[in-house]
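**Q** Here it is, the structure, as structure tokens.
The values are calculated or read from the model by the stated rules, or taken from the named source; none is laboratory data. All values reported here derive from a predicted model rather than from experimental measurement. Neighbour counts are summed over all protein chains in view; Cβ atoms, including those assigned to glycine, are modelled from backbone coordinates with ideal geometry.
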Amino acid sequence: MKTFANFINRILEKQQELNLGPDEECLFRGHSDTSYKLIPNIFRGKSYSLKSEESIFYEFRSKAMEIHDRKFSDWDILFHMQHYDCKTRILDWTDNLGTALYFALCSYQKGRKPEIIMLNPFALNAYSTQHRDFYDPDHLNHKNGYSFRGMLQRQIKDPENTKDGIWWKQPLAIYPIRKSGRLISQNGYFTIQGRDQTSIETQIEEKENIWKKVEIPEEIIPEAMTYLKLFGINDFTIFPDVPNLSALLNKKYNL
């Protein structure tokens with residue numbers, strides 16, 4: 001794979017293997033190294049508990065002043081937490097390959113092996129719940145009427161609860177209402193982990209053709225960086241806030 005065009009062809013080949021329908025979106029995610037697994041950050045440490053997950057959610061909701069005058073549901077708050085590096089049970093995805101490529105390369109270090117992960121969200125949900133479509137987050141609690149925090153609280157009371165708490169076992173793909181600038185600029189989607197806390201790769205084998213991975217060869221990285229620049233994909237377009245605008249301008253004018 002000598003050129004960026006070869007890499008794109010490889011992406012298209014793998015996309016074909018996902019067996020997407022004509023109106024079905026392919027989701028992408030960029031990793032800066034192939035050693036990273038598809039597991040939400042809240043499950044990566046050794047001290048996770050349902051109680052700590054419920055507590056971190058409550059404290060964020062209580063103390064994040066910027067969300068208090070906005071009509072945020074529990075789901076909106078969870079998505080906001082994810083985009084500001086608070087640990088959650090969700091993973092970020094996008095339907096824009098350029099956005100995924102940015103995340104794979106923005107912190108690139110020589111010797112690492114960045115990659116693009118591709119996901120058929122419709123096949124994922126069919127595998128997990130026999131429902132071949134995105135989930136509206138509000139429909140995840142249609143069985144019980146509880147908010148996200150309420151579902152966690154029910155699960156804390158009964159960890160084996162499959163009715164009033166986190167009723168799904170495998171990850172689900174969800175289509176969020178995009179109430180934040182970051183969700184909009186990144187064309188954001190999410191997967192949300194269920195009762196099984198292991199990685200997507202552990203739960204679902206690649207041969208199921210639900211997810212695929214394509215490594216980004218070192219020799220094409222300069223060309224890929226040029227592609228990102230040509231298409232105006234940078235820190236500010238991905239994170240459209242004042243600090244990133246300032247950093248971009250300082251870099252642009254060598255200051």
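**Q** Let me confirm something: among 44, 70, which residue is out of contact with any strand residue (DSSP E or B) (no Cβ under 9 Å at 6 or more places or on another chain) and closer than 30 Å to residue 221 by Cα?
**A** Working: 70 fails: closer than 30 Å to residue 221 by Cα.
Being out of contact with any strand residue (DSSP E or B) (no Cβ under 9 Å at 6 or more places or on another chain) and closer than 30 Å to residue 221 by Cα holds for just one of 44, 70, which is 44.
**Q** Considering each of 230, 249 in turn, give the residue that is free of Cβ contacts under 8 Å to residues at least 12 places away in the same chain and closer than 23 Å to residue 15 by Cβ.
**A** On the way: 249 fails: closer than 23 Å to residue 15 by Cβ.
When all the criteria are applied, what remains is 230.
**Q** May I ask you to list the residues in segment 77-99 that are of a type in the set (Asp, Glu), closer than 30 Å to residue 62 by Cα and at pLDDT 95 or above?
**A** Step one: list which residues in segment 77-99 are of a type in the set (Asp, Glu), which gives 85, 92, 95.
This time we only want the ones that are closer than 30 Å to residue 62 by Cα, so: 85, 92.
The one that is of a type in the set (Asp, Glu), closer than 30 Å to residue 62 by Cα and at pLDDT 95 or above: 92.
**Q** I'm trying to understand the selection: among the residues of segment 15-53, which are charged (D, E, K, R) and either part of a loop (DSSP other than H, G, I, E, B) or buried (at least 19 other Cβ atoms within 10 Å of the Cβ) (or both)?
**A** The initial filter retains those residues of segment 15-53 that are charged (D, E, K, R), namely 17, 23-25, 29, 33, 37, 44, 46, 51, 53.
Result: 23, 24, 25, 29, 33, 37, 44, 46, 53.
**Q** Looking at segment 214-237, can you tell me whether even one residue there is touching a Ser or Thr at 6+ places or on another chain (Cβ under 8 Å) and more than 19 Å from residue 115 (Cα to Cα)? If you could, list the steps in order and put the result at the bottom.
**A** Taking segment 214-237 as the starting set, the residues that turn out to be touching a Ser or Thr at 6+ places or on another chain (Cβ under 8 Å) are 215, 220, 223, 233, 237.
Keeping just the survivors that are more than 19 Å from residue 115 (Cα to Cα) gives 237.
Yes, segment 214-237 has at least one match.
**Q** If you don't mind, there's one more thing I want to ask. Assigned to a loop (DSSP other than H, G, I, E, B) and under 15 Å from the mean Cα position of the chain (by Cα): is that true of residue 232 in this structure? Steps first, please.
**A** Details: assigned to a loop (DSSP other than H, G, I, E, B): yes; under 15 Å from the mean Cα position of the chain (by Cα): no.
For residue 232, the condition - assigned to a loop (DSSP other than H, G, I, E, B) and under 15 Å from the mean Cα position of the chain (by Cα) - is not met.
**Q** Could you list, in sequence order, all residues of segment 162-182 that are over 16 Å from the mean Cα position of the chain (by Cα) and among the aliphatic types (A, V, I, L, M)?
**A** If the condition is that a residue be over 16 Å from the mean Cα position of the chain (by Cα) and among the aliphatic types (A, V, I, L, M), then 166 is the only one that fits.
**Q** If I ask for residues that are of a type in the set (S, T, N, Q) and more than 18 Å from residue 35 (Cα to Cα), which ones from segment 85-136 would you list? Please lay out each step first, then the result.
**A** Step one: filter segment 85-136 for residues of a type in the set (S, T, N, Q), giving 88, 94, 96, 99, 107, 109, 120, 125, 128-130.
88, 94, 96, 99, 120, 125, 128, 129, 130 - these are the residues of segment 85-136 that are of a type in the set (S, T, N, Q) and more than 18 Å from residue 35 (Cα to Cα).
**Q** Being closer than 18 Å to residue 28 by Cα, buried (at least 17 other Cβ atoms within 10 Å of the Cβ) and among the hydrophobic types (A, V, I, L, M, F, W, C) is the filter here, so list the residues in segment 226-243 that pass it.
**A** 228, 233, 238, 239
**Q** Here are some residues: 213, 157. Which one is modelled with pLDDT of 95 or more and not small (Gly, Ala, Ser)?
**A** Values: 157 fails: modelled with pLDDT of 95 or more.
Only one candidate qualifies: 213.
**Q** Give me the residue from segment 115-155 that is farther than 21 Å from residue 72 by Cα and of a type in the set (A, V, I, L, M, F, W, C) and, out of that set, farthest from the chain's Cα centre (by Cα).
**A** By that ranking, first place goes to 126.
**Q** If you don't mind, another one. Exactly one of these conditions fails for residue 176: (1) free of Cβ contacts under 8 Å to residues at least 60 places away in the same chain; (2) not in a helix (DSSP H, G or I). Give me its number.
**A** Residue 176 satisfies every listed condition except (1).
**Q** Over 22 Å from residue 31 (Cβ atoms), modelled with pLDDT of 95 or more, buried (at least 18 other Cβ atoms within 10 Å of the Cβ) and not β-branched (Val, Ile, Thr): which single residue out of 135, 102 fits that description? Write out each step before concluding.
**A** Values: 102 fails: over 22 Å from residue 31 (Cβ atoms).
After ruling out the rest, the residue left standing is 135.
**Q** Anything in segment 70-85 that is in a loop (DSSP other than H, G, I, E, B) and under 21 Å from residue 138 (Cα atoms)? List them, or say none. Let's see the steps before the verdict.
**A** First pass over segment 70-85, keeping only residues in a loop (DSSP other than H, G, I, E, B): 70-73, 84-85.
If the condition is that a residue be in a loop (DSSP other than H, G, I, E, B) and under 21 Å from residue 138 (Cα atoms), then 70, 71, 72, 73 are the ones that fit.
Here is a yes/no grid of residues against (1) without any contact (Cβ under 8 Å) to a residue 60 or more places away in the chain; (2) touching a Leu at 6+ places or on another chain (Cβ under 8 Å); (3) farther than 18 Å from residue 134 by Cα:
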{"residue": "152", "(1), (2), (3)": "no, yes, yes"}
{"residue": "162", "(1), (2), (3)": "yes, no, yes"}
{"residue": "166", "(1), (2), (3)": "yes, yes, no"}
{"residue": "172", "(1), (2), (3)": "yes, yes, no"}
{"residue": "180", "(1), (2), (3)": "no, no, yes"}
{"residue": "192", "(1), (2), (3)": "no, yes, no"}
{"residue": "197", "(1), (2), (3)": "no, no, yes"}
{"residue": "200", "(1), (2), (3)": "no, yes, no"}
{"residue": "203", "(1), (2), (3)": "yes, no, yes"}
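**Q** For segment 204-228, what are the residues that are under 17 Å from the mean Cα position of the chain (by Cα), of a type outside the set (A, V, I, L, M) and farther than 16 Å from residue 35 by Cβ?
**A** Of everything in segment 204-228, those that are under 17 Å from the mean Cα position of the chain (by Cα), of a type outside the set (A, V, I, L, M) and farther than 16 Å from residue 35 by Cβ turn out to be 211, 212.
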